[in-house]
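What follows is a single structure, and I will ask about it in a moment.
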Amino acid sequence: MGLGGVVIASALGAGVRANWTESMPKGLYREKAPRRLERGAWAVVCLEGATARLGRERGYLPRGDCPSGVTPVVKEIAAVPGDWVRIERSGLLVNGLELPGTALLLRDSDGRPLPHIRLGERRLAEDEFWVLGRSSPRSWDSRYFGAVASRQIVGTVTPWLICE
């Protein structure tokens, strides 16, 4: 392993997470303590159950250290408990404000049908958060798997070394 690999490996062991997906800017993120579970924060989320299985089977998620056996995802918190979330084919609205670049896709990058949550409006419960990958309209996020519980958010991060 070269010097760069040693530095990255050391950083990853010291509260730094890497993101190489399109859903957030590629690079290294420093974990923030305490967790900041507010709109606009970047959350590290462990997906569970059928969502984690689908992500693993389709290759959206590599193996990792989440209890479900997948790598955590880094997403922006777009809605917090008590917010109204409306999902339409044309996109997402939070508290009546349209979020650009959030139109639902019917197929993933490999042309497979892409399941999404039910269209319509709902208020997030006391323990629910809505997360989005804001760097790409192709991000696999709450538009497809729904709200995540606070227990699934294992941390929050801030950009440290962005590669784009």
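In this structure, does residue 160 turn out to be touching a residue at least 24 places away in the same chain (Cβ under 8 Å), among the aromatic types (Phe, Trp, Tyr) and more than 30 Å from residue 30 (Cβ to Cβ)?
Taking the combined requirement at face value, the residue does not satisfy it.
Kindly establish whether residue 118 is under 19 Å from residue 143 (Cβ atoms) and free of Cβ contacts under 8 Å to residues at least 24 places away in the same chain.
No, not satisfied.
Are there strands (runs of 3 or more DSSP E) fully within region 83-159 with at least 2 residues that are at pLDDT 95 or above and farther than 17 Å from residue 51 by Cβ? List them.
Filter on region 83-159 gives 84-88, 91-94, 97-99, 120-123.
For region 52-73: of the residues being closer than 17 Å to residue 147 by Cβ and not in a loop (DSSP other than H, G, I, E, B), which is modelled with the lowest pLDDT?
Step by step, filter region 52-73, then rank; the result is 73.
Have a look at 34, 67, 81, 62 and point out the one that is within 23 Å of residue 121 (Cα to Cα) and more than 12 Å from the chain's Cα centre (by Cα).
81
Let me ask something else. Criterion first (out of contact with any strand residue (DSSP E or B) (no Cβ under 8 Å at 6 or more places or on another chain) and free of Cβ contacts under 8 Å to residues at least 24 places away in the same chain) does residue 146 satisfy it?
No: the conditions fail for residue 146.
Now for a different question. Can you go through 136, 90 and tell me which one is surrounded by fewer than 17 Cβ atoms within 10 Å (Cβ to Cβ), of a type in the set (Ser, Thr, Tyr) and over 13 Å from the mean Cα position of the chain (by Cα)?
From the options 136, 90, the qualifying one is 90.
The values are calculated or read from the model by the stated rules, or taken from the named source; none is laboratory data. If you're wondering where the values come from, they're calculated on a predicted model, not measured in any experiment. Note that each Cβ is placed from the backbone with ideal geometry, even for glycine, and that neighbours are counted across all protein chains shown.
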